[in-house]
Amino acid sequence: MNTSTRVLMGPGPSDVHPRVLRTMATPLVGHLDPEFLVVMDDIKSMTQETLQTNNPLTFVVSAPGSAGMETCLVNLLEPGDEAVICIHGVFGTRLADIAERCGAKVIKVEADWGTPIDPEEVKQALAGCKPKLLAIVHAETSTGVLQPLEEISKMTKDAGALLVVDAVTSYCGTDLKVDEWGIDALYSGSQKCLSAPPGLSPVTFSQDAVDVLDNRKTKVQSWFLDLTMVKNYWSGAKRAYHHTAPISAMFAMREALRIVLEEGLENRFARHRKNHELLRDGLEGLGFEFLVEKQYRLPMLNAVRIPEGVDEALVRKRLLDEYNIEIGGGLGPYAGKIWRIGLMGESATPNHVNMLMAALKAII
Ligand SMILES: Cc1ncc(COP(=O)(O)O)c(C=O)c1O
């Protein structure tokens, strides 16, 4: 194996700090070693801090963001439940697919890709059913939209439903207040603004969500993701074996969390914003237009339309082949029409922006 040293500026994974990479070379301990249980405790408390929550049921699923998504839905939904699912891109579509596979009746609230979900439509959907939960993507990586959550959270509570949030791309890159915003279940990923290797999914459940879990009438249909069992590995007196944790990835996650907290959440969010503005000015100077209206733009995922006459696939290939820079192409209706440029975690630096701008100017 002789892979290149890339500059990761796509929709994730992002570049990883050398401290995190070095930590992965730490000799293994067993997954029930008392020293590893302390590592898990550290991860749990730092995950709570970075998610701004006191939820005791906060831990990391040993699988990527999609498994976090599935964890939230399979534990909270039972066959016959009604679920309002908001769809404004690829990941809302995935949420709806999983909810249907749980046997739920899915009520979809949709918005054009590139725009946020309209709270008025959410209100109508909630009023028209008996929702067990509403699920929504905070940072839609397929389009670059930052979805405001507070108003929708209030409506969801008023309807007596749980609020489930996808924070895979927003976590550690922009404000995310689990407790203050009334989020009941949330999942994220390790590989975006946290800048840890891919393959882990931080999740958190509120007391209301735990009550729903405790009062299920049917067994959770997924053995691996059933929280009633996994939680005994992450907390409690017994710390029972559930599965063999990915030890090295957990070491890395712990170090990445330490780096986030050393920087401070507010500083980290400001850094993401500042580098987004630097990139925006550069791209607009080259004639690019953003897909998303200014107030709803994600700082860590910049979706720009491809200007007339630019061969998008060829430019991306040349960026990778000649400059080792990875950026993302469009998905679904935007395939071939936009680029998705990530400024996530360790990749949100002026150096990254300047490297990409210089390469783009040379190629275009
Ligand atoms: C918003 C969002 N949700 C869910 C996922 C799925 O995460 P993973 O690819 O880690 O399974 C992604 C991945 O890009 C994402 O951006």
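Residue-wise test of (1) over 25 Å from I107 (Cβ atoms); (2) modelled with pLDDT of 95 or more; (3) out of contact with any Cys (no Cβ under 6 Å at 6 or more places or on another chain).
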residue	(1), (2), (3)
L163	no, yes, yes
A167	no, yes, yes
V178	no, yes, yes
L194	yes, yes, no
P198	yes, yes, yes
L227	no, yes, yes
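Select, from E78, E121, E140, the only residue that is acidic (D, E), away from the ligand (no atom under 16 Å from the Cβ) and farther than 22 Å from Q207 by Cβ.
E121
Quick check: is even one residue across segment 303-312 part of a strand (DSSP E or B), of a type in the set (A, V, I, L, M, F, W, C), at pLDDT 95 or above and crowded, with 16+ Cβ neighbours inside 10 Å?
yes
Identify, by number, the condition in (1) more than 16 Å from the ligand (Cβ to nearest atom); (2) buried (at least 20 other Cβ atoms within 10 Å of the Cβ) that P56 doesn't meet.
Single failed check for P56: (2).
Can you spot a residue in segment 73-88 that is surrounded by fewer than 18 Cβ atoms within 10 Å (Cβ to Cβ) and under 21 Å from the mean Cα position of the chain (by Cα)?
No, the conditions are met nowhere in segment 73-88.
Filter segment 8-32 for residues that are polar (S, T, N, Q) and closer than 21 Å to G345 by Cα; which is surrounded by the fewest Cβ atoms within 10 Å (Cβ to Cβ)?
Only one residue fits best here, namely T23.
Would a scan of segment 178-186 turn up a residue that is within 12 Å of the ligand (Cβ to nearest atom), aliphatic (A, V, I, L, M) and under 13 Å from the mean Cα position of the chain (by Cα)?
Yes: segment 178-186 contains one or more residues that are within 12 Å of the ligand (Cβ to nearest atom), aliphatic (A, V, I, L, M) and under 13 Å from the mean Cα position of the chain (by Cα).
Quick check on segment 53-80: of everything there that is assigned to a loop (DSSP other than H, G, I, E, B) and among the small types (G, A, S), which residue is farthest from L176 (Cα to Cα)?
G80
Can you confirm whether L225 is in a helix (DSSP H, G or I) and not charged (D, E, K, R)?
So L225 does not fit the description; no.
Taking the conditions exactly as written (closer than 21 Å to Y171 by Cβ, among the hydroxyl-bearing types (S, T, Y) and either within 16 Å of the ligand (Cβ to nearest atom) or at pLDDT 95 or above (or both)), does S206 satisfy them or not?
Here the answer is yes, as S206 does meet what is asked.
Would you mind finding the one in S195, S170, S201, S153 that is away from the ligand (no atom under 11 Å from the Cβ), within 19 Å of L261 (Cα to Cα), surrounded by 18 or more Cβ atoms within 10 Å (Cβ to Cβ) and of a type in the set (G, A, S)?
S195
All but one of (1) within 21 Å of the chain's Cα centre (by Cα); (2) on the phi < 0 side of the Ramachandran plot hold for E312, so report the exception by its number.
(1)
The values are calculated or read from the model by the stated rules, or taken from the named source; none is laboratory data. In this text the structure is predicted, and so the values were computed from the model without any measurement. No Cβ is skipped: glycine too gets one built from the backbone with ideal geometry, and neighbour counts run over all protein chains shown.
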